[in-house]
Amino acid sequence: MNILVVDDESLARNRLKRLIAKLKLGDVLAEAENGVQAVEMVNQYAPDCVLMDIQMPGMTGLEAARHISQLETPPAVIFTSAYDEFALQAFKVHAVDYLVKPVSSDALQHAFSKLSKLNKAQTQIFQQDKSRSHISAKTHSGIELIPVEKIQVFRADQKYISVIYEDGEVLIDEPLKSLEEEFGDRFIRVHRSALVNKAYICGLEKTEDGQSLIKMKGLDDEIQVSRRHLSDVRKRLQEI
């Protein structure tokens, strides 16, 4: 079994690697210090199992697992955590494996004995995590991570959502409404088919034929504001 170890503390990673070797549970292909690196290394190495901490800077283990779960054949995920047993109970109901730090040999061996691929219950847990710092898009090379702060526009494009960001454009399969609910503090609904990042708005102008348009930093094309959303857009812009 090929294993990826993810923890922001080198001592914790080294302890897990020693236990894995001692118990002959598999081969550690690589290690990562945060969630972003974890997703990148899953793309690169395609491990069978990811042994991952929850609380890490930049991207949590829960968010990383949410992105990883979008793969057609995602690896199994075992979390390590310093949470107390009461916090863990809520997750154990959904059949997610956890190891409480410091990880013991018996606990690690038991977790590997019941290891399985990500199931629907686990995926639902990851979907409930509303603290995403990145959006993930499936590409020919695996999962591409786009920092939310660099996204300029979410635009409905038939069955998919076009994510326009500083370095390009990708398609994702998420409802625009759920993106609005999750990122409503950063993005403004300007049209039934578009959300724009407040941080990139340069101004609101009106054309001779009465259309309202938003000018965006880094974009040549202006974004149309529907009459239905114009009042709310003006109100939100006053708060910036």
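None of the figures in this text is laboratory data; all of them are computed from the coordinates on show. None of these values were measured; they are calculated from a predicted model. Cβ placement follows ideal geometry from the backbone for every residue including glycine, while neighbour counts extend to all protein chains displayed.
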Quiz item: Taking 0.36 nm per intervening residue step and subtracting the Cα-Cα distance, what contour gain separates Gln158 from Lys101 on full extension?
Solution: 15.9 nm
Practice problem: Specify the angular offset, from 0 to 90 degrees and rounded to the nearest 10, of the alpha carbon long axis of helix 10-23 from the longest principal axis of the alpha carbons in the chain. | Solution: 50
Self-check item: Linear extension gain, Glu174 paired with Arg227, 0.36 nm per residue minus alpha-carbon span
Solution: 16.6 nm
Quiz prompt | Given charges at Cβ of Lys, Arg, Asp, Glu: segment 151-239 dipole, positive-most of Leu171, Ile151, Leu230 | solution = Leu230
Exercise. State the extension gain, in nm to one decimal, for the chain segment bounded by Gln55 and Leu237, taking 0.36 nm per residue of separation less the distance between their alpha-carbons.
Key: 62.1 nm
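Would you mind calculating the relative contact order of the chain from Cα pairs under 8 angstrom and at least 6 residues apart, reporting the percent as a whole number?
Value for the chain: 11 percent.
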Practice problem: For Ala32, enumerate residues with amide H under 5 Å from its amide H, sequence gap 5+ or separate chain, H modeled in the peptide plane. | Solution: Val5, Val6, Asp7
Quiz item: Using θ = phi - 60° and the Karplus curve 6.51 cos²θ - 1.76 cosθ + 1.60, what whole-Hz ³J(HN,Hα) does each residue of segment 155-163 get, with Gly and Pro shown as x?
Solution: 10, 5, 9, 6, 7, 10, 10, 8, 9
Quiz prompt | Greater than 31 Å apart at Cα, pairs in Lys138/Lys206; Lys114/Lys150; Lys177/Lys217; Lys17/Lys150; Lys114/Lys138 | solution = Lys138/Lys206; Lys114/Lys150; Lys17/Lys150
Quiz item: Taking Cα atoms, how many degrees apart are the long axis of helix 227-239 and the longest axis of the chain, rounded to 10 and kept between 0 and 90?
Solution: 70
Self-check item: Given charges at beta-carbon only (K, R positive; D, E negative), |dipole| of segment 151-239 in Debye
Solution: 480
Practice problem: With viscosity set to 1.002 mPa s and temperature to 20 °C, compute the Stokes-Einstein D of segment 151-239, Rh being the Kirkwood radius across alpha carbon pairs; µm²/s, no decimals. | Solution: 162
Exercise. Calculate the spin-label point distance for Asp27 paired with Glu208, positioning each point 7 Å from the Cα along the beta-carbon direction, and give it in nanometres.
Key: 7.0
Quiz prompt | Within the chain, helix-based [θ] at 222 nm, where runs of 4 or more DSSP H residues each add -39,500 (n - 2.57), nearest 500 | solution = -10000 deg cm²/dmol
Practice problem: Could I have the simple spin-label model distance between Arg192 and Lys17, label points 7 Å from Cα toward Cβ, reported in nm to one decimal? | Solution: 5.6
Quiz item: In terms of Cα to Cα distance under 20 Å, which aspartates and glutamates are near enough to Lys159, apart from those fewer than 8 places away along the same chain?
Solution: Glu72, Glu144, Glu169, Asp173, Glu174, Glu180, Glu181, Glu182
Practice problem: Can you tell me the order of 202-210, 47-55, 138-146, 157-165 when each peptide is scored by its average per-residue count of other Cβ atoms within 10 angstrom, highest first? | Solution: 47-55, 157-165, 138-146, 202-210
